[in-house]
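Heads up, the thing below is written out as structure tokens.
The values are calculated or read from the model by the stated rules, or taken from the named source; none is laboratory data. All of these numbers come straight from a predicted model, not from anything done at the bench. Cβ sites come from the backbone with ideal geometry, for glycine too, and all protein chains shown count toward neighbours. Keep in mind that these areas ignore ligands, DNA and RNA; they rest on the heavy atoms of the full protein, side chains included. Shrake-Rupley method; radii C 1.70, N 1.55, O 1.52, S 1.80 Å.
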Amino acid sequence: MKTLFFYGTMRHLPLLECVLGRGSEHLDYAEGVLPDHTVLAAQDGPFPVLIKSNGDEVHGLKVKGLTEPDIARLNFYEAGFDYDIQDYALADGSRADVYMPTPDVRATDTPWDFDGWAKQWAAMSVAAAEEVMDGFGNLSPEVITARFPQIRKRAWSRVLAQSERHGAGVLNGRVDMIKRWRAHTGFFGFDELRLRHETFDGEMSDVLDRSVFVSSDAALVLPYDPVRDRVLLVEQVRMGPIGRHDPVAWQMEPVAGLIDPGEMPGDTARREAREEAGLELQHLEAVGDYYASPGATTEYFHMFVGLCDLPSTQARVGGETEEGENIRAHVMPFEALLDMAEEGRTGNVPLTMLTYWLARHRDRLRAHAAG
């Protein structure tokens with residue numbers, strides 16, 4: 001049996017329970033103090049960094065009686081954060097193992113704020129930990145580390161989902177999740193589900209086996225210049241047409257990108273407009289929030305029309321090279337885009353929907369720009 005002292009995110013009991021795979025009612029824990037140290041915020045994310053500091057002390061969670069399987073689960077989770085375990089004396093004279101950051105983990109000069117972290121990041125961290133621990137016993141810590149940015153994005157989408165309000169007038173029925181497991185974790189995830197759900201007669205369905213493609217939320221924006229009546233589209237190769245064996249793998253689309261953890265959809269739309277097209281959006285018109293295909297995928301779109309200046313019609317090639325992006329931006333008259341939609345040449349639902357939304361609101365946007 002081992003004793004561990006937790007000074008950072010693992011002080012949050014729901015996160016500790018998730019990592020250990022058992023409830024806190026089965027744990028022997030109490031407040032502990034580590035002398036001659038302080039906790040600072042990390043430079044590279046909402047994480048703590050433990051630093052030696054004579055005369056200071058760190059309050060945290062002391063957990064006794066941890067088993068070898070407990071330690072294996074903790075090591076698997078912490079390995080992705082570049083922490084190594086070391087033995088320290090606590091203020092009460094007892095000893096405990098502590099996860100210390102490796103030398104390449106950089107700290108700021110700002111003290112770590114556990115309460116502030118809990119308010120902003122705890123829900124996302126627990127959701128991310130669930131996916132990480134799904135890999136315990138099946139995936140290496142190195143694989144989890146490589147996939148962690150996408151895991152955090154998917155976790156943040158679960159947080160965003162709690163604020164959505166859809167389905168006026170539909171059944172708010174019961175769903176019994178018998179089993180859910182991650183069949184694949186990569187840039188995207190793939191889950192297998194076994195469930196029953198309430199039926200319209202008030203009974204419960206038979207047990208159903210289903211699959212769901214797990215993505216993270218995305219922000220989509222159609223840049224529009226109301227003065228010149230021009231739009232900007234981006235062109236790039238897409239995996240959907242390739243996977244479907246479509247002979248044409250390139251698509252014209254609105255500017256789009258996955259929402260980073262802690263980011264709001266409008267902020268993502270502005271960031272992606274800068275990255276993909278070199279644009280500064282002056283104003284965002286909210287079009288709506290929609291599931292791409294609710295029968296098969298968690299993919300969820302936050303859609304906007306972004307007002308901007310489009311003085312040049314010259315094609316521009318850009319994108320984030322470190323993300324493998326090769327994107328060509330096209331500026332065209334809105335009527336040309338509307339013709340594409342009317343002739344069935346837009347090729348994807350988001351662009352088609354944004355085109356018709358703009359067709360309905362275009363006169364208002366142009367009149368406001370002229371006034």
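Each peptide in 201-212, 101-112 gets a packing score, the mean of other Cβ atoms within 10 Å over its residues, and the list from highest to lowest is 101-112, 201-212.
In summary, the range 6-58 shows an alpha-carbon radius of gyration equal to 1.32 times the 2.2 N^0.38 Å reference for compact globular proteins.
Legend: calculated FRET efficiency, Ala72 to Arg182, from the Cβ-Cβ distance at R0 = 30 Å, rounded to 0.05, equals 0.95. In whole Å, how far is the Cα centre of the range 295-332 from that of the range 1-63? If we compute the Cα centre of each part, the gap is 42 Å.
Counting only protein heavy atoms and a 1.4 Å probe, the chain has 53 square angstrom of accessible area per residue.
Dividing the summed -39500 (n - 2.57) terms of all DSSP H runs of n ≥ 4 by the residue count of the chain sets its mean residue ellipticity at 222 nm at -9500 deg cm²/dmol. Our summary gives the range 300-355 a relative contact order of 27 percent, counting only alpha carbon pairs under 8 angstrom and 6 or more residues apart. Dimensions of the range 252-304 along the principal axes, based on C-alpha atoms and rounded to the nearest Å, stand at 36, 27, 19, largest first. By the combined test of axial Cα extent (at least 24 Å) and Kyte-Doolittle hydropathy (mean at least -0.5), the qualifying DSSP H helices of the chain come to 114-134, 141-161, 349-370. Centre-to-centre, using Cα atoms only, the range 216-287 and the range 98-162 are separated by 27 Å.
From largest accessible area down, sort Phe334, Phe148; use a 1.4 Å probe on the protein chains.
Descending accessible area places them as Phe148, Phe334.
When the convex hull of its Cα atoms is viewed from all sides, the range 202-303 shows a mean projected area of 10.1 nm². Summarising the amide proton neighbourhood of Ile85: residues at separation of 5 or more, or on other chains, whose placed amide H is nearer than 5 Å comprise Met100. The lysines whose alpha-carbon is closer than 25 Å to the alpha-carbon of Lys62, local same-chain residues fewer than 8 away aside, are Lys2, Lys52, Lys119. Between the beta carbons of Ala30 and Arg362, assuming R0 = 45 Å, the FRET efficiency works out to 0.10 to the nearest 0.05. Ordering 356-363, 318-325, 230-237 by mean Cβ neighbour count within 10 Å, with the highest value first, yields 230-237, 356-363, 318-325. Label-to-label distance, Arg345 versus Trp250, with points set 7 angstrom from Cα along the beta-carbon direction: 1.4 nm. In percent, rounded to a whole number, the relative contact order of the chain is 12, using alpha-carbon pairs under 8 Å and six or more apart. The alpha carbon convex hull volume per residue for the chain rounds to 189 Å³. Residues within the reach of a label modelled at Glu323 (point 7 angstrom out along Cα to beta-carbon, backbone nitrogen below 20 Å), restricted to the range 216-237, are 216-224, 232-237. These residues, Thr145, Thr298, go from largest to smallest accessible area, 1.4 Å probe, as Thr145, Thr298.
Here, P(r) means the percent of Cα pairs in each 5 Å bin from 0 to the largest distance; for the range 97-144 it is 4, 15, 13, 19, 28, 15, 5, 1.
Here the accessible area of the chain is 50 percent carbon and sulfur, with a 1.4 angstrom probe and all protein chains present.
Ligands, DNA and RNA aside, Met353 has an accessible area near 70 Å² when probed at 1.4 Å. Its Cα centre serving as origin, the chain has a Cβ charge dipole (Lys and Arg +1, Asp and Glu -1) of approximately 540 debye. Annotation: peptides 126-135, 38-47, ranked by per-residue average of other Cβ atoms within 10 Å with the highest first, follow the order 126-135, 38-47.
Rolled with a 1.4 Å probe across the full set of protein chains, the surface gives Glu335 an accessible area near 90 Å².
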